[in-house]
1. Just to check I understand the Karplus step: with θ = phi - 60° and J = 6.51 cos²θ - 1.76 cosθ + 1.60, what whole-Hz values come out for region 102-115, glycine and proline as x?
2. Relative to the present Cα-Cα distance, how much length would full extension add between Tyr31 and Thr96 at 0.36 nm per residue of separation?
3. Based on the Cα atoms of region 47-149, what semi-axes does the equivalent ellipsoid have, where each is the square root of 5 times one gyration tensor eigenvalue, given in whole Å with the largest first?
4. Could you list the square roots of 5 times each eigenvalue of the Cα gyration tensor of region 53-110, that is, the equivalent ellipsoid semi-axes, sorted largest first and rounded to whole Å?
5. Mind ranking 77-90, 49-62 by how tightly packed they are, going by the mean number of other C-beta atoms within 10 angstrom, highest first?
Amino acid sequence: MTSNVVYKLMFVFFKESQAPTITASPNPTVYVVEGQNITLEWSYNFGGRAFREVEFLQSTDTINVLDNSASDGLFIYPDFDGRVLANITETNATITFLNVSSRTDHKTYRLRVENAARQSAVNFVQMAVQGKLELLLMRFKLKRKRQLV
């Protein structure tokens with residue numbers, strides 16, 4: 001009987017101390033036409049612990065885009081203020097880039113979620129911004145290919 005109680009306590013401790021996991025995320029590469037908006041969405045859980053922080057940054061330049069902490073709430077860094085909208089909860093994050101630019105937004109980004117035990121999970125997404133001329137050329141090539149078939 002005593003060993004059964006010990007096993008149950010060990011299971012409860014293990015279950016509560018699991019690291020966070022990201023359960024849904026955007027494709028590793030997302031394509032957007034310059035000047036358009038794009039919304040990226042993630043779902044996650046904190047492994048049985050309380051929410052501590054969600055951080056989103058440009059991983060290539062380590063430039064912070066936004067932070068959302070349990071203590072301080074949502075903060076969008078000045079370089080992205082007015083260009084990024086965010087809704088961060090304890091189960092998901094939705095981040096929208098407005099009027100995407102190939103010069104500033106064509107980057108790899110990292111989402112990091114952290115629980116109260118300071119355990120974290122990360123997810124990377126590359127934003128491939130296509131210029132309007134590039135998109136027209138792709139459509140022309142596709143149309144010409146179809147005509148040749």
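Coordinate-derived values only; no laboratory data. Source: prediction; values computed, not measured. Positions of Cβ are generated from backbone atoms using ideal geometry, with glycine treated the same way; all protein chains shown enter the neighbour counts.
1. Karplus-based 3J(HN,Hα) across region 102-115 equals 5, 6, 9, 10, 6, 8, 9, 10, 10, 9, 10, 10, 9, 9 Hz.
2. On the way: separation 65, 0.36 × 65 = 23.40 nm, distance 1.36 nm.
In short, 22.0 nm is gained.
3. Working: eigenvalues 255, 49, 25 Å².
Taking √(5λ) for each Cα gyration eigenvalue gives 36, 16, 11 Å.
4. Details: eigenvalues 76, 28, 22 Å².
Semi-axes, largest first: 19, 12, 10 Å.
5. Numbers: 77-90: 14.4, 49-62: 17.0.
Final packing ranking: 49-62, 77-90.
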